[in-house]
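K.L.:
Take a look at the following structure, please.
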Amino acid sequence: MKLHGGISIADDGLNISVRGMHTQMKMMDIISRNITNFSMPGAQREIPIMTSFCEYIGSHGVNTIKDTQPGRMRQTGNPLDFIINHSGYFQIKGQHGVKLTRDGRFEIDKDGYLINLNKEKVLGSDGEPIQFHYIPGNLKDITLDEDGTINLYNKSYNRKEFVGRLSVASEDGTPVQDVKVIQGFVEDGNINLMNETFALLPLRRNFEASRQSFIILNEQTNKLIQMLGRGQ
């Protein structure tokens with residue numbers, strides 16, 4: 001088929017079948033990642049989206065959007081387990097800059113810094129890592145206000161002392177104003193294992209159909225070449 005402007009599109013069944021398989025494989029890979037991350041705290045579901053030109057550009061036309069709905073709440077009782085009870089992310093000082101995460105499983109290192117399980121420092125609302133003045137002997141002396149303020153009970157003076165305020169940001173890095181953080185809980189991924197498993201079924205059927213189409217067309221092409229080679 002020729003289009004005005006000199007653009008030519010000449011497709012055959014083999015190329016169409018291959019592009020179909022690549023597209024379905026990419027979508028299955030996205031859903032498989034969701035299934036793998038099912039039990040990962042803070043994991044957010046990726047939703048595969050096909051563009052209108054996917055039939056021409058194959059897997060390059062598959063994009064993803066992130067499901068930002070909060071995941072399942074699981075009570076742990078650990079004073080350093082925090083969850084954000086709405087959209088938003090904790091800010092972490094990573095090796096290559098600031099990282100965003102919903103995983104609020106934190107610890108205190110030997111220098112008193114609040115860190116994640118990867119030993120990266122948790123940032124406060126002032127943009128600096130949160131650091132305790134001293135390491136508490138009992139983690140239950142640590143309390144968290146809904147606005148993300150971390151306090152440490154000082155037994156010597158019988159009072160709470162301010163440690164820092166967690167930085168909660170949106171996906172584009174903008175600070176979240178109405179913060180609601182809860183202590184003693186872990187947020188599991190917002191992935192429904194049954195839905196993701198069922199979503200794989202039609203993709204596998206489509207992949208198998210594209211595969212069978214490729215095999216049939218390839219066999220026919222080989223037979224035609226052999227016939228031409230024999231002069232038939």
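The values are calculated or read from the model by the stated rules, or taken from the named source; none is laboratory data. Model, not experiment: these values are computed from the prediction. Cβ sites come from the backbone with ideal geometry, for glycine too, and all protein chains shown count toward neighbours.
K.L.:
I need the full set of residues from the range 138-162 which are of a type in the set (A, V, I, L, M) and touching a residue at least 40 places away in the same chain (Cβ under 8 Å), in order please.
P.N.:
Start the filter on the range 138-162 by keeping residues that are of a type in the set (A, V, I, L, M), which leaves 139, 142, 144, 150, 152.
The answer is LEU139, ILE142, LEU144.
K.L.:
Run down GLY137, GLY148, GLY88 and say which single residue is out of contact with any strand residue (DSSP E or B) (no Cβ under 8 Å at 6 or more places or on another chain) and either within 15 Å of GLN183 (Cα to Cα) or of a type outside the set (Phe, Trp, Tyr) (or both).
P.N.:
Values: GLY148 fails: out of contact with any strand residue (DSSP E or B) (no Cβ under 8 Å at 6 or more places or on another chain); GLY88 fails: out of contact with any strand residue (DSSP E or B) (no Cβ under 8 Å at 6 or more places or on another chain).
When all the criteria are applied, what remains is GLY137.
K.L.:
Another question, if that's okay. Restricting attention to the range 109-136, which residues are hydrophobic (A, V, I, L, M, F, W, C) and assigned to a strand (DSSP E or B)?
P.N.:
Result: LEU114, ILE115, VAL122, LEU123.
K.L.:
Kindly provide the set of residues from the range 109-164 that are more than 22 Å from HIS86 (Cβ to Cβ), among the polar types (S, T, N, Q) and surrounded by 15 or more Cβ atoms within 10 Å (Cβ to Cβ), ordered by number.
P.N.:
Correct list: GLN131 only.
K.L.:
Here is a list: GLY42, GLY13. Which entry is modelled with pLDDT under 90 and either assigned by TED's automatic domain parsing to the domain that holds GLN212 or touching a strand residue (DSSP E or B) at 6+ places or on another chain (Cβ under 6 Å) (or both)?
P.N.:
Going through GLY42, GLY13 in turn, the sole match is GLY13.
K.L.:
Counting only residues that are aliphatic (A, V, I, L, M) and modelled with pLDDT of 95 or more, which one in the range 182-205 is nearest to GLU146 (Cα to Cα)?
P.N.:
So in the range 182-205, the residues aliphatic (A, V, I, L, M) come out as 182, 186, 191, 193-194, 199-201, 203.
Filter again for modelled with pLDDT of 95 or more, leaving 182, 186.
On the way: ILE182: 6, VAL186: 15 Å.
Per the criteria, the residue is ILE182.
K.L.:
For the range 182-194, state whether one or more residues are over 25 Å from the mean Cα position of the chain (by Cα), closer than 24 Å to ASN85 by Cα and assigned by TED's automatic domain parsing to the domain that holds TYR89.
P.N.:
no
K.L.:
Out of ASN78, ASN63, which single residue is in contact with a strand residue (DSSP E or B) (Cβ under 9 Å, 6 or more places away or on another chain), modelled with pLDDT under 95 and not small (Gly, Ala, Ser)?
P.N.:
Details: ASN78 fails: modelled with pLDDT under 95.
Only one candidate passes the filter, namely ASN63.
K.L.:
Checking HIS60 against (1) surrounded by fewer than 18 Cβ atoms within 10 Å (Cβ to Cβ); (2) part of a helix (DSSP H, G or I); (3) over 20 Å from the mean Cα position of the chain (by Cα), which single condition isn't satisfied?
P.N.:
For HIS60, the exception is condition (3).
K.L.:
Is one or more of the residues making up the range 94-108 under 18 Å from VAL179 (Cβ atoms) and either of a type in the set (Gly, Ala, Ser) or assigned to a helix (DSSP H, G or I) (or both)?
P.N.:
yes
K.L.:
Quick one: which residue in SER32, SER52 is surrounded by fewer than 15 Cβ atoms within 10 Å (Cβ to Cβ), touching a Leu at 6+ places or on another chain (Cβ under 9 Å) and farther than 30 Å from PRO136 by Cα? If you could, list the steps in order and put the result at the bottom.
P.N.:
On the way: SER52 fails: touching a Leu at 6+ places or on another chain (Cβ under 9 Å).
Matching residue, one of SER32, SER52: SER32.
K.L.:
Is there a residue being under 25 Å from LYS160 (Cα atoms) and hydrophobic (A, V, I, L, M, F, W, C) anywhere in the range 94-105?
P.N.:
No.
K.L.:
If you don't mind, another one. Considering SER87, SER125, which residue is at pLDDT below 90, in contact with a Ser or Thr (Cβ under 9 Å, 6 or more places away or on another chain), not assigned by TED's automatic domain parsing to the domain that holds LEU200 and not aliphatic (A, V, I, L, M)?
P.N.:
Just a single option satisfies the conditions, and that option is SER87.
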